[in-house]
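**Q** A single structure is presented below for examination.
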Amino acid sequence: MITWALLAVLLASALLYSRWRHSYWSSRGVPTAPGSIPFLGHTLKLLNRKKYRWLIIDEMYRNHGGSLYCGLYEMHTPNLLIGNPDLVKAVLIKDFDHFADRRTFEATNPKDKVLNEMLTNATGDHWKGIRSVLSTSFTSGRMKGMFPLVEAKAEGLVDYFHRELNKDPVVRMKHSFGMYTMEVISSCAFGLETNSFEEDGIFPQKAMEMFKISPILMVKIVILLIAPKLFKLLKIQLSHENFHFFTDVVIETMKQRKTGAKRGDFLDIMLETREDQDEKTDKKKPKYPLSDETVIASSVLFIVAGYDTTANTLGNATFLLAKHPEEQERLREELKKIIEEHGTLTYQGIMEAKYLDGCISEALRIHPPAHFTERSCTKNYQLPGTDVVIAKGDVVSIPVWSLHHDQRYWPEPEKFDPTRFFPENKDRIVSGTYLPFGLGPRNCIAMRFALMEAKLALARTVLEFELRCAPGHEDLEFSFVPGIMRPKDDVFVTLTPVAKE
Ligand code: HEM
């Protein structure tokens with residue numbers, strides 16, 4: 001009897017505690033999105049596997065204050081959803097010093113140590129140090145220098161498409177572009193020839209497996225969310241085994257570089273920077289020198305961050321063009337003119353192509369692979385024009401997909417209209433409403449590289465093939481796995497070689 005009474009008291013106290021934690025936003029005058037339940041907050045709602053996550057967030061954005069701001073709870077962690085473009089800019093750009101970090105965790109398992117060195121997870125000055133060194137890899141000069149490497153891979157892609165459509169004209173675009181992006185990133189990141197097109201992609205397979213969320217990984221993530229201290233204490237390993245496959249490849253390549261020739265890829269750039277740092281006198285040595293771990297972590301991160309995002313973008317862009325034959329033809333005509341002018345698809349020609357830019361930008365608007373982004377508050381911050389104070393440790397989320405589909409900013413948001421991004425129309429775009437690569441000092445470090453890589457592959461594909469929706473695949477279906485927006489199975493498009501004039 002006493003035991004039951006004790007249990008009841010404990011449960012009631014726990015419930016009261018949870019209710020108190022979940023009053024965080026209401027006590028600050030912030031509307032709370034419906035659907036919060038004791039202890040779990042909105043976690044279950046957000047992990048719903050029957051509705052796309054961006055649509056769940058969009059409902060909050062449209063109906064519950066999220067287009068200005070509204071409060072959420074992940075377990076007990078307060079998360080503020082901000083949808084007002086001015087507030088978005090304040091958080092991501094103007095007052096960046098209050099929001100320099102993302103939500104992160106400190107890996108204590110020895111196998112995970114390299115995760116702490118990754119730019120995406122690094123915090124504060126440590127992040128600043130790594131970012132400033134890595135940024136030198138992504139200047140326009142470097143992009144131009146890497147163009148021939150990417151060009152060779154685009155050639156491989158077109159050959160691969162020809163071989164595939166001899167077997168079946170319906171081609172898995174995401175799968176094929178995945179091989180291309182893996183080829184590009186392994187070549188440009190550390191000069192590795194992965195032969196994906198010939199061997200049907202052992203590297204892309206290994207990378208794709210890392211994105212699968214197994215039940216065991218799910219349990220680990222839940223422990224991390226509910227009890228981060230226990231997670232740390234138990235030294236739970238979070239990284240996938242395949243992650244170590246890539247780490248070993250980088251370590252091996254680094255060894256070879258010590259004696260071998262330079263290629264001008266990201267690995268060379270990082271190793272050169274490190275040599276420069278080593279040569280500096282003690283006084284001039286940087287506060288965060290580039291360690292072996294950082295070089296390894298960055299190379300692996302480039303694979304992880306660059307492979308799937310770009311392949312999804314290309315898959316989605318080809319699907320949209322297959323659905324819109326007129327726009328597809330207009331793009332082909334533009335590309336033919338560029339070839340007439342430049343003799344071939346040069347770096348400059350690709351970068352100047354207005355309609356090509358519009359097609360990629362519009363694909364990224366309609367289907368942004370990173371459908372939301374977030375920051376962690378690093379020092380208390382009063383939201384401009386409001387009484388709301390965001391406290392250190394609170395998470396702020398930006399609903400990228402919702403901003404991209406809001407008709408206040410994008411007339412007929414579901415319409416595929418590449419001309420929205422023409423230079424003469426760009427001033428109609430409300431700043432803070434288009435952020436497929438994020439915004440501000442912590443945006444995608446490789447935006448230029450990703451755009452160059454995607455534009456070249458799309459241009460080569462459209463010049464070579466006519467794209468049509470494959471029978472039974474007239475609509476895109478997406479995976480319910482949380483994280484980035486990726487197709488459910490693949491993007492199936494029928495390819496027919498374009499008759500050469
Ligand atoms: C179309 C392809 C891509 C898309 C849509 C994309 C999108 C993004 C987004 C939304 C972010 C977060 C930005 C923010 O929080 O404000 C990000 C960060 C990042 N991306 Fe990309 N990305 C793409 C390609 C790439 C590629 C090819 C690489 C590497 C070669 C890469 C490396 C990174 C890194 C390292 C970060 C972390 C930056 C930091 O924390 O300082 N991304 N990306």
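**Q** Mind checking which pairs have a first residue in the stretch 436-458 that is acidic (Asp, Glu) and a second that is near the ligand (Cβ under 6 Å from one of its atoms) and assigned to a helix (DSSP H, G or I), Cβ under 8 Å, 6 or more apart or different chains?
**A** 453/310
**Q** Here are some conditions: (1) surrounded by fewer than 21 Cβ atoms within 10 Å (Cβ to Cβ); (2) within 15 Å of the ligand (Cβ to nearest atom); (3) at pLDDT 95 or above. Residue 453 meets all but one. Which one does it not meet?
**A** That leaves (1) as the condition not met.
**Q** Could you go through the stretch 402-409 and let me know if any residue there is within 13 Å of the ligand (Cβ to nearest atom), open to solvent by less than 10 Å² (accessible area, probe 1.4 Å), within 26 Å of residue 59 (Cα to Cα) and not hydroxyl-bearing (Ser, Thr, Tyr). Explain how you work it out, then say what you get.
**A** So the first thing to find is which residues in the stretch 402-409 are within 13 Å of the ligand (Cβ to nearest atom), and the list is 403-404.
Restricting the remaining residues to those that are open to solvent by less than 10 Å² (accessible area, probe 1.4 Å) gives 403-404.
Restricting the remaining residues to those that are within 26 Å of residue 59 (Cα to Cα) gives 403-404.
Those still in the list that are not hydroxyl-bearing (Ser, Thr, Tyr) too: 403-404.
Among the residues of the stretch 402-409, at least one is within 13 Å of the ligand (Cβ to nearest atom), open to solvent by less than 10 Å² (accessible area, probe 1.4 Å), within 26 Å of residue 59 (Cα to Cα) and not hydroxyl-bearing (Ser, Thr, Tyr), which makes the answer yes.
**Q** From the list 365, 332, 375, pick out the single residue that is more than 16 Å from the ligand (Cβ to nearest atom), among the charged types (D, E, K, R) and open to solvent by less than 20 Å² (accessible area, probe 1.4 Å). So that I can check it myself, show each step before the final result.
**A** Values: 365 fails: more than 16 Å from the ligand (Cβ to nearest atom); 375 fails: more than 16 Å from the ligand (Cβ to nearest atom).
Within the list 365, 332, 375, the selection yields 332.
**Q** So, in the stretch 1-41, of the ones that are polar (S, T, N, Q) and free of Cβ contacts under 8 Å to residues at least 24 places away in the same chain, which residue ends up farthest from residue 386 (Cα to Cα)? Spell out how you get there, then give the answer.
**A** First, pick out the residues of the stretch 1-41 that are polar (S, T, N, Q): 3, 13, 18, 23, 26-27, 32, 36.
Restricting the remaining residues to those that are free of Cβ contacts under 8 Å to residues at least 24 places away in the same chain gives 3, 13, 23, 27.
Working: 3: 49, 13: 34, 23: 19, 27: 14 Å.
Here the residue is 3.
**Q** In the stretch 19-61, what residues are assigned to a helix (DSSP H, G or I) and over 28 Å from residue 213 (Cβ atoms)? Reasoning before the result, please.
**A** From the stretch 19-61, those assigned to a helix (DSSP H, G or I) are 19-21, 26-28, 43-46, 53-61; that's our starting set.
Correct list: 19, 20, 26, 27, 28.
**Q** Here's something else I'd like to know. Quick check on my filter: what residues within the stretch 70-101 are part of a strand (DSSP E or B) and either open to solvent by 30 Å² or more (accessible area, probe 1.4 Å) or more than 19 Å from residue 24 (Cβ to Cβ) (or both)?
**A** Keep residues of the stretch 70-101 that are part of a strand (DSSP E or B), which gives 70-74, 77-82, 101.
Result: 77, 101.
**Q** Let me confirm something: among 253, 194, which residue is under 30 Å from residue 291 (Cα atoms) and not in a helix (DSSP H, G or I)?
**A** 194
**Q** Before we move on, is residue 223 hydrophobic (A, V, I, L, M, F, W, C), over 17 Å from residue 481 (Cβ atoms) and either assigned to a helix (DSSP H, G or I) or open to solvent by 40 Å² or more (accessible area, probe 1.4 Å) (or both)? Can you show your working first?
**A** Details: hydrophobic (A, V, I, L, M, F, W, C): yes; over 17 Å from residue 481 (Cβ atoms): yes; either assigned to a helix (DSSP H, G or I) or open to solvent by 40 Å² or more (accessible area, probe 1.4 Å) (or both): yes.
Yes; evaluated as a whole, the condition is true for this residue.
**Q** Checking residue 432 against (1) farther than 21 Å from residue 354 by Cβ; (2) crowded, with 20+ Cβ neighbours inside 10 Å; (3) within 11 Å of the ligand (Cβ to nearest atom): exactly one of these is not met. Which one?
**A** (3)
**Q** Limited to the stretch 335-353, what total is found for residues that are outside any helix (DSSP H, G or I) and either out of contact with any Lys or Arg (no Cβ under 9 Å at 6 or more places or on another chain) or open to solvent by 60 Å² or more (accessible area, probe 1.4 Å) (or both)? Spell out the reasoning first.
**A** Of the residues in the stretch 335-353, the ones outside any helix (DSSP H, G or I) are 343-346, 353.
After this cut, where a residue has to be either out of contact with any Lys or Arg (no Cβ under 9 Å at 6 or more places or on another chain) or open to solvent by 60 Å² or more (accessible area, probe 1.4 Å) (or both) as well, the list is 343-344, 346.
Here the count works out to 3.
**Q** Pairs only if they're at least six apart or on different chains, beta carbon under 7 angstrom, first in the stretch 214-243 and touching a residue at least 60 places away in the same chain (Cβ under 8 Å), second open to solvent by 60 Å² or more (accessible area, probe 1.4 Å) and in a helix (DSSP H, G or I); list them, first residue then second.
**A** These pairs meet every condition: 237/111; 239/111.
**Q** Test each condition in (1) closer than 30 Å to residue 481 by Cα; (2) assigned to a loop (DSSP other than H, G, I, E, B); (3) modelled with pLDDT under 95; (4) among the aliphatic types (A, V, I, L, M) for residue 290 and report the one that comes out false.
**A** Of (1) closer than 30 Å to residue 481 by Cα; (2) assigned to a loop (DSSP other than H, G, I, E, B); (3) modelled with pLDDT under 95; (4) among the aliphatic types (A, V, I, L, M), only one is false for residue 290: (1).
**Q** Which residue pairs have Cβ atoms under 6 Å apart, sit 6 or more places apart or on different chains, and have a first residue in the stretch 128-155 that is within 13 Å of the ligand (Cβ to nearest atom) and a second that is open to solvent by 60 Å² or more (accessible area, probe 1.4 Å) and modelled with pLDDT of 90 or more?
**A** 138/448; 143/448
The values are calculated or read from the model by the stated rules, or taken from the named source; none is laboratory data. Quantities reported herein were computed from a predicted structural model and do not represent experimental measurements. All Cβ positions, even for glycine, are placed from backbone atoms using ideal geometry, and neighbour counts span all protein chains on display. Heavy atoms of the whole protein, side chains included, go into the accessibility calculation; ligands, DNA and RNA do not. Shrake-Rupley method; radii C 1.70, N 1.55, O 1.52, S 1.80 Å.
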